[in-house]
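Q: Please find one structure pasted underneath; my questions will follow.
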Amino acid sequence: MHTKSLTSFLAVATMFLIAGVATAQGPNERADVQIDAAARTQAITNLAKEVESNYPVAALGRTTANELRKRLRQNHFRETSAKALASKLTDELRSLTGDQHFLVDYFVVPRAFPPAAAVADPVSEADRALTLRLHNFGFERVERLAGNIGYLKLDRFETPAVAGETAAAAMRFLAGTEALIIDLTENGGGYSSMVSLLASYLFKEPVHLSDISGRGADDIRQNWTYAFVPGPRYVDKPVYILSGAKTFSAAEAFA
């Protein structure tokens, strides 16, 4: 399928990618789309505009957008495959900014950009809920090791709205152990609200965890531990964090 406009190729840059549940048809299984020079130019031009307008660090967003435009003028992008171009743009953005949150994707089903109206998600909420349950909301393993050592392998920070009960159950199970190992070696991130919830079990008093800032001087959101957690807190005992090359974003913040 050859296209002459962006309606069949959509470049999406997610500045703060909250690692969502994989859809039923991931990028590796999705059919490729052939694109022409006009569609490629429009996609990169719009992508540069979005980066410049929305990236939280304004100066870096501006220089990154200008570099994309420069490389476009220099015919740096010659891909005719949507999959190949999306992959290349992802690599370029991550290299230019040092920010691994960037992800450029494409859609096989034509979509206008920017969308004139909200587009229905092709993956139903029931499908998402099922996928979350199959992965136990990121709580991969919870066990008591020899010597009464607690072990929690957490592979995702899902929102407490859906994973709060699982988090509370895990912490109740671990409450009687003498020390705790939290394994984040396979954790690619997720929601800061779950970071706050789990961290709240580890402190007696309220603790200011982090600030999330935007472009404006007043655009700051503070993250604190919660005054209340369901079940006992895990305090006055050693806690060890395991991290690795795949530990990313919210998992880094928690660590």
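The values are calculated or read from the model by the stated rules, or taken from the named source; none is laboratory data. Quantities reported herein were computed from a predicted structural model and do not represent experimental measurements. For neighbour counting, all protein chains shown are included, and Cβ atoms are generated from backbone atoms with ideal geometry for every residue, glycine included. Surface accessibility is based on the protein's heavy atoms, side chains included, excluding ligands, DNA and RNA. Shrake-Rupley method; radii C 1.70, N 1.55, O 1.52, S 1.80 Å.
Q: Checking Arg156 against (1) without any contact (Cβ under 8 Å) to a residue 60 or more places away in the chain; (2) of a type in the set (D, E, K, R); (3) open to solvent by less than 50 Å² (accessible area, probe 1.4 Å): exactly one of these is not met. Which one?
A: Going through the list (1) without any contact (Cβ under 8 Å) to a residue 60 or more places away in the chain; (2) of a type in the set (D, E, K, R); (3) open to solvent by less than 50 Å² (accessible area, probe 1.4 Å), Arg156 breaks only (1).
Q: Give the residue, chosen from Ala199, Ala161, Ala168, that is part of a helix (DSSP H, G or I) and over 21 Å from the mean Cα position of the chain (by Cα).
A: Ala168
Q: Kindly indicate the residue of region 175-196 that is part of a loop (DSSP other than H, G, I, E, B) and under 17 Å from Leu242 (Cα atoms) and also most open to solvent (accessible area, probe 1.4 Å) among those meeting that condition.
A: Ranking the candidates gives Glu186 first.
Q: Give Ile220, Ile241, Ile212 a once-over and let me know the one that is in contact with an Asp or Glu (Cβ under 6 Å, 6 or more places away or on another chain), on the phi < 0 side of the Ramachandran plot, β-branched (Val, Ile, Thr) and open to solvent by 40 Å² or more (accessible area, probe 1.4 Å).
A: Testing whether each residue is in contact with an Asp or Glu (Cβ under 6 Å, 6 or more places away or on another chain), on the phi < 0 side of the Ramachandran plot, β-branched (Val, Ile, Thr) and open to solvent by 40 Å² or more (accessible area, probe 1.4 Å) leaves just Ile220.
Q: List pairs: first residue in region 179-207 and without any contact (Cβ under 8 Å) to a residue 24 or more places away in the chain, second residue buried (at least 19 other Cβ atoms within 10 Å of the Cβ) and hydroxyl-bearing (Ser, Thr, Tyr) anywhere in the structure, Cβ distance under 6 angstrom, at least six positions apart or on different chains.
A: Pairs found: Pro206/Thr225; Val207/Thr225.
Q: Go through (1) surrounded by fewer than 16 Cβ atoms within 10 Å (Cβ to Cβ); (2) under 21 Å from His135 (Cβ atoms) and name the single condition Phe248 misses.
A: Every listed condition holds for Phe248 apart from (1).
Q: How about region 93-110: which of its residues are more than 18 Å from the chain's Cα centre (by Cα), open to solvent by less than 70 Å² (accessible area, probe 1.4 Å) and not aliphatic (A, V, I, L, M)?
A: Across region 93-110, the qualifying residue is only Phe107.
Q: Follow-up. Residues of region 1-59 being polar (S, T, N, Q), in a helix (DSSP H, G or I), modelled with pLDDT of 50 or more and farther than 30 Å from Ser192 by Cβ, which ones?
A: The answer is Thr41, Gln42, Thr45.
Q: Given the conditions (1) part of a loop (DSSP other than H, G, I, E, B); (2) modelled with pLDDT of 95 or more; (3) open to solvent by less than 40 Å² (accessible area, probe 1.4 Å), and given that Val123 satisfies all but one, which numbered condition is not satisfied?
A: Val123 satisfies all of (1) part of a loop (DSSP other than H, G, I, E, B); (2) modelled with pLDDT of 95 or more; (3) open to solvent by less than 40 Å² (accessible area, probe 1.4 Å) except (2).
Q: Now for a separate question. Could you figure out which of (1) modelled with pLDDT of 90 or more; (2) in contact with a Gly (Cβ under 6 Å, 6 or more places away or on another chain); (3) not acidic (Asp, Glu) isn't true of Leu103?
A: (2)
Q: Output yes when any residue across region 47-64 is among the hydrophobic types (A, V, I, L, M, F, W, C) and over 24 Å from Gly214 (Cα atoms), and no when none is.
A: no
Q: Going through region 47-92 one residue at a time, which ones are buried (at least 20 other Cβ atoms within 10 Å of the Cβ) and of a type in the set (Gly, Ala, Ser)?
A: Within region 47-92, Ala48, Gly61, Ala65, Ala82, Ala86 meet the criteria.
Q: Go through region 219-239 and report how many residues are under 24 Å from the mean Cα position of the chain (by Cα) and not hydrophobic (A, V, I, L, M, F, W, C).
A: Selection size over region 219-239: 6.
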